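Here the structure is laid out as structure tokens; the discussion comes afterwards.
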Ligand code: UDP
């Protein structure tokens, strides 16, 4: 079903620039997913196609891969455009939902690609919002728990403004996402674009890149190869891991929800928190590995604790994660095993 027009918040100016493209009511909803060849973007694309959307993916493949979408080749409802979303975006025809997922997201990636990271959060978000406005589409930006920086409030609620070092090594990611949120709210208030902001906490599952440097691929690949598990610092820093399908369901519900507060930021993540030392032990147990744990220096500005407060998601979306870590690790480990032994 095409989306029903959503009630809009009172905005400071009339929605003069948005010109929804006329379409037949029998048409399938049309989604555009930037970064749709990435880990999370590609899981979203699968869900959208399963729920009857026509989907266009725009991705420049700097961290995404066609491996994640190759199973969709030949699907008449799917199309892939290789393009950098920081450049002008033009698409023919109607668009109902624009999901802006494009961005490097692992600390190693954004340390290697700081300028591209800042550009996709700023220029890329600008282009994506412009396209959404032109098409009269609803727009969702994937923000991050990194907007809270090294948080002084725990667990993190959406009302917390964060503790970010703008000039540290993670600043390129944190500030690009904070800018993206600000730009999204500006388009919402100034142009009346119907927007959603999701703050994604640590997520894991199949299609993460083996070498992307994040803790899940790092620990699982080390365990499967029988190599030492590299815990950074003393391992007392915490994270809370959400399985990919849980996360994508929450994001889908956020996009589809309506109401006066729908455009406010919403945390999506799993509140089950554990230290990195505990997590290393979980991975050793789940893989049956004989790897030992070693310690390496803690990277600069590594957040000491992170856990989402998901009260808002529970109330607004009726959502909470359903998959415990032990269950989510089974397909995740199977995926890495298939990649490592290939
Ligand atoms: N980490 C670790 N060993 C690794 C990779 C990461 O101990 O080989 C730690 C890292 O210092 C951080 C946590 O695991 O405290 C999560 O790191 P990740 O890179 O997955 O993402 P972050 O949550 O920091 O964005």
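From the residues in the range 137-152 that are touching a residue at least 24 places away in the same chain (Cβ under 8 Å) and more than 16 Å from the ligand (Cβ to nearest atom), which one is farthest from the chain's Cα centre (by Cα)?
Looking at the filtered set, the residue picked out is 137.
Can you name every residue in the range 98-147 that is in contact with a helix residue (DSSP H, G or I) (Cβ under 6 Å, 6 or more places away or on another chain), in a strand (DSSP E or B) and more than 14 Å from residue 199 (Cα to Cα)?
Within the range 98-147, 98, 139 meet the criteria.
From the list 205, 233, which residue is crowded, with 19+ Cβ neighbours inside 10 Å and closer than 25 Å to residue 295 by Cα?
Within the list 205, 233, the selection yields 205.
Exactly one of these conditions fails for residue 98: (1) farther than 22 Å from residue 30 by Cβ; (2) more than 16 Å from the ligand (Cβ to nearest atom). Give me its number.
Condition (1) is where residue 98 drops out.
Output the number of the condition that residue 122 fails; it satisfies all remaining conditions of (1) on the phi > 0 side of the Ramachandran plot; (2) in contact (Cβ under 8 Å) with a residue 40 or more places away in the chain; (3) under 19 Å from the mean Cα position of the chain (by Cα).
That leaves (1) as the condition not met.
Could you pull out the residue among 284, 340 that is farther than 26 Å from residue 170 by Cα, within 16 Å of the ligand (Cβ to nearest atom) and modelled with pLDDT under 95?
340
Looking at 193, 198, 210, 216, can you tell me which residue is touching a helix residue (DSSP H, G or I) at 6+ places or on another chain (Cβ under 6 Å), within 13 Å of the ligand (Cβ to nearest atom) and touching a residue at least 24 places away in the same chain (Cβ under 8 Å)?
210
Which count do you get for residues in the range 184-207 that are more than 18 Å from residue 325 (Cβ to Cβ) and not in a loop (DSSP other than H, G, I, E, B)?
Qualifying residue count for the region: 13.
The values are calculated or read from the model by the stated rules, or taken from the named source; none is laboratory data. Only a predicted model underlies this, so the values are computations on that prediction, with no experimental measurement involved. Backbone-built Cβ (ideal geometry, glycine too); neighbour counts: all protein chains shown.
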